[in-house]
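What follows is a short report on a single structure.
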Amino acid sequence: MELSQVPGCARKIIESIETVIVGKHEAVELTVAGFLSGGHILIEDIPGVGKTMLAKTLAKSVGGVFKRVQFTPDLLPADVTGSSIFNQVEGCFIFREGPVFANVLLADEINRATPKAQAAMLEAMEEHQVTADGVTYDLPRPFFVMATENPIEYEGTYSLPEAQLDRFIMRVSLGYPSSDDEVEILTRQMNHHPVEDVKMVLNEGESLDMQIAIRSVFLEESLKHYIVDLVGRTRQHPDLELGSSPRGSLALMRCSQAVAAVSGRDYVQPDDIKRVAVQCLAHRMIVKSEQSIHGLRATEIVTEILRSVPVPTS
């Protein structure tokens, strides 16, 4: 697929999702950009605002094999990755693939599973493979995880470890709809849920071609330094216990390329980087406890850093 075809294909995905998700164009566009960047998305928000519907609608729109795992406290790693079972006919063990063997995996309420079950996703998300009983199995391409979590209900939940948060290229929130948008939601769901009408607009091959195509979006040398400067400030910030890793720099680069491509450009502008900086970096940072107690959030620190780091002018 040529880079010039990416904006049109991305618009089809966005329009398909917006038949279900009303009034959240920015969140939808960022989610699609995250998918095109080849990473994984964490959708974190309060219950009932459409997190699962956003994930499910995107999955149906981009085609391929879609599977869903409801993360619960009794979930075992083998329930996600698969396990070896004994074949009595052939007298040997065979590997039965788990739901992770899909093009799009919806990990619903991922923070309700135990750390052991969460850790089963690490290899799959980073290396696109699963190792079981000493044998490595490749996952389908593209492989995309959309995870959801509720940030306010902590009973029966397990916080995602930093190593796993770092594997999500972006964290996206939806928020409450406006009054007019909420009326439109009621209207659309009077007789049936619009997600039932969502059709595939791209197949898995086209989705993979789009992910490959956006890597050719041009990133000027000064903007590479700008990205590194932004990430470097997070490691030196006095209110942070932990700054962003180099994976954060890569995420910022990939997502800015995707945003530029969706906007119809074959080059990255500083505004593309600033647009995705909060979503790419905030979840990779740990605010010091004394500052967190006073209500300081990582998103505010990223915004502060964006204001303080000079933007390249040429």
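The values are calculated or read from the model by the stated rules, or taken from the named source; none is laboratory data. What you see is a predicted model, and the numbers here were worked out from it, not measured in a lab. Positions of Cβ are generated from backbone atoms using ideal geometry, with glycine treated the same way; all protein chains shown enter the neighbour counts.
Data table
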| quantity | calculated |
| --- | --- |
| Failed item in (1) crowded, with 19+ Cβ neighbours inside 10 Å; (2) not assigned by TED's automatic domain parsing to the domain that holds GLU304, with LEU230 passing the rest | (2) |
| Strands (runs of 3 or more DSSP E) contained in the stretch 102-197 and holding at least 1 residues farther than 25 Å from VAL49 by Cα | 129-132, 135-138 |
| Identity of the residue in the stretch 287-314, basic (Lys, Arg) and either not assigned by TED's automatic domain parsing to the domain that holds THR234 or not in a helix (DSSP H, G or I) (or both), that ends up farthest from PRO238 (Cα to Cα) | ARG297 |
| Those residues of the stretch 10-21 which are surrounded by fewer than 21 Cβ atoms within 10 Å (Cβ to Cβ) and either of a type in the set (A, V, I, L, M) or in a helix (DSSP H, G or I) (or both), in sequence order | ARG11, LYS12, ILE14, GLU15 |
| Any hit, the stretch 230-246, residues being outside any loop (DSSP other than H, G, I, E, B), within 22 Å of the chain's Cα centre (by Cα) and over 21 Å from LEU160 (Cβ atoms) | yes |
| Filtered residue count, the stretch 185-227, keeping only those that are over 20 Å from GLY34 (Cβ atoms), among the acidic types (Asp, Glu) and surrounded by 14 or more Cβ atoms within 10 Å (Cβ to Cβ) | 1 |
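So that you can scan it fast, the table gives a plain yes or no per residue for (1) touching a residue at least 12 places away in the same chain (Cβ under 8 Å); (2) farther than 11 Å from LEU230 by Cβ:
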site	(1), (2)
LEU252	yes, no
ALA258	yes, yes
ILE286	yes, yes
ILE293	no, yes
